[in-house]
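Enquirer: Just passing along the structure, written as structure tokens.
What follows is calculated from the coordinates using simple rules that are stated; it is not laboratory data. As the structure is a prediction and not an experimental result, all values here were calculated from the model. Heads up, the Cβs are rebuilt from the backbone with ideal geometry, glycines too, and the neighbour counts pull from every protein chain shown.
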Amino acid sequence: MAEIMKLVRTYRMTTALDQRLSLAEELFRLIAPELRFYAFSAVPPDAGDDVSQEIFKAIATSLKRFAGDTLGEFWAWCYRIARNKISDHFRKQSADRLQPMPPEELWRLIDGSQQQSRLVPADRLDLEYAMQLLRRSRPDCYDLLWKHFVIGLAYAEIASEQNLNYDNVRIKLARCLDEAQSLIS
Amino acid sequence: MPKNNASAESNLQKLGQRLRHIIANSHPPKEVDIQAALGAVREEWAKEQEVQRQKKPALDLIKPQEREPEEPDDNR
């Protein structure tokens, strides 16, 4: 992951086109899987490719102007661009705002994937438990648990997205987790 | 059976890993995505060159007598 920041810093200082292209190619091969996961978890599968491509183009366009200096800042910046592109997609579709993947869709994906790689019973139980936690959560808690634990967004990224402070997000997440668990047990 | 927070967190993270794996297999990154990003890099570079080109003639147009006199050389 340190490799990502090295590429970003070098890209910002580079003026030659061929060097920029080679740095950008290496960088996008590293960040593409996470950003595609983020896009595909937020938009219908048939729109995932187009939205991912828009995200990559927007990041490439602004990369020279990215002002941060840490990996955390870089990912937060990438996710901000991704969120904007996902929102643009929903605006064009006149659909609802950005929502996490609904539980039924999640389980359908997991069940469907069993044909390629079967889950061992213990893992299946763990995933069922995780699904129950999400299902029992209030919508605002579902959103937080999904973003932090499933997508992997840091507290700071969620705080910036929802205009909350870091500690509010941390405390709210802990409460949401406790609440969901208490509803299961 | 009730679980503690740590295992609830780890189960949710496991769900994330499983979904990453599923999405990476069912929708793998495509060459066209990378090429689209590289296309945007080329466009940005061309815009920068254009801005540089527009700045340069403006500097060249300043007549030599309008330029500020050079500082005298200390060695002279």
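Enquirer: For each of A:Leu23, A:Leu71, count neighbouring Cβ atoms within 10 Å of the residue's Cβ, then give the residues from fewest to most.
Expert: Sorted ascending by nearby Cβ count, the order is A:Leu71, A:Leu23.
Enquirer: On to the next question. Going by how many other beta carbons lie within 10 Å of each one, how would you line up A:Phe90, A:Phe37, A:Phe56, fewest first?
Expert: Ordered by Cβ neighbours within 10 Å, fewest first: A:Phe90, A:Phe37, A:Phe56.
Enquirer: Residues of B:39-47, mean number of Cβ from any other protein chain within 10 Å of their own Cβ, rounded to a whole number?
Expert: If you average over the peptide's residues, the count of other-chain Cβ atoms is 6.
Enquirer: Then there is this: Mind giving me the nanometre distance, one decimal, between the label points for B:His27 and A:Glu179, set 7 Å out from Cα along Cα→Cβ?
Expert: 2.9
Enquirer: Could you calculate, for chain A, the ratio of the Cα radius of gyration to the Kirkwood radius, expressed as Rg to Rh?
Expert: 1.00
Enquirer: Here is a follow-up. Going down the list A:Lys6/B:Lys55; A:Lys57/B:Lys30; A:Lys57/A:Lys92; A:Lys6/A:Lys64, which pairs span over 22 Å between their C-alpha atoms?
Expert: With Cα atoms farther than 22 Å apart: A:Lys6/B:Lys55.
Enquirer: Stokes-Einstein diffusion coefficient for segment A:115-184 at 4 °C in a medium of 1.567 mPa s, Rh from the Kirkwood formula over Cα pairs: what value in µm²/s?
Expert: It comes out at roughly 100 µm²/s.
Enquirer: Note down the Stokes-Einstein diffusion coefficient of segment A:1-86 in µm²/s, whole number, using a Kirkwood radius over alpha carbon pairs, 20 °C, and 1.002 mPa s.
Expert: In µm²/s, the coefficient is 163.
Enquirer: Measuring from the lowest to the highest alpha carbon on each principal axis, how far does segment B:5-64 reach, largest first, in angstroms?
Expert: Extents along the principal axes: 75, 30, 8 Å.
Enquirer: Can you tell me the FRET efficiency between A:Thr10 and A:Asp50 if r is taken as the Cβ-Cβ distance and R0 is 30 Å, rounded to the nearest 0.05?
Expert: Efficiency, rounded to the nearest 0.05: 0.50.
Enquirer: Among A:Gly48, B:Ser10, A:Trp107, pick out the residue whose Cα is farthest towards the positive end of the charge dipole of the protein assembly as shown, where Lys and Arg carry +1 and Asp and Glu carry -1 on C-beta, about the Cα centre.
Expert: Farthest along the dipole direction, towards plus: A:Trp107.
Enquirer: So how do A:Tyr129, A:Tyr79 line up by other beta-carbon neighbours within 10 Å, fewest first?
Expert: Ordered by Cβ neighbours within 10 Å, fewest first: A:Tyr129, A:Tyr79.
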